[in-house]
Amino acid sequence: MNLPKALLISLALALISTCAGPEGRWENPDRPQETWLRDEASCRRDASDKAEREFARDQQRTPPGYSRTRTYTTSMNAYEAEKREKELFARCMTANGYVRVEQKPRTE
């Protein structure tokens with residue numbers, strides 16, 4: 001796997017930024033609240049690892065060399081990796097008994 005460093009950094013930043021969105025929080029009434037953050041971190045790590053592996057696999061299928069098509073394909077692969085990471089994370093949390101609770105915006 002020989003991906004350009006800038007591309008990997010871009011993907012990592014994109015994946016991190018998806019984690020910071022105002023999506024609400026995950027709760028599991030059957031587990032102690034102290035374990036929620038640890039479970040969430042574990043699911044994020046697993047989802048990110050798998051999405052990155054899939055991204056690398058998809059990039060290997062892209063023909064080598066520079067072209068506009070390759071640049072577009074790389075962008076689309078990164079976009080799909082972001083979506084996949086979110087999907088894998090949500091699936092992991094749900095499988096562990098968590099439910100996503102929407103947070104209401106503060107009105108001050």
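In plain terms, the chain from THR73 to ARG57 could stretch by 4.5 nm, reckoned as 0.36 nm per residue minus the Cα-Cα distance. Derived scalar couplings between HN and Hα for the stretch 44-52 equal 4, 4, 5, 5, 5, 4, 5, 5, 5 Hz in order, rounded to whole Hz, by the Karplus curve 6.51 cos²θ - 1.76 cosθ + 1.60 (θ = phi - 60°), x for Gly and Pro.
Its relative contact order, with pairs defined as Cα atoms under 8 Å and 6+ residues apart, puts the stretch 38-97 at 54 percent. The alpha carbons of the stretch 38-97 give a radius of gyration and a Dmax of 13.9, 46 Å, in that order.
Working from label points 7 Å from Cα in the Cα-to-Cβ sense, the LYS83 to ARG100 distance is 1.5 nm.
The numbers here are math on the coordinates, done by the rules we state, and not lab data. Computed from a predicted model, the values in this text were never measured in an experiment. Methodologically, a virtual Cβ is constructed for each residue, glycine included, from the backbone with ideal geometry; neighbour enumeration extends over all protein chains shown.
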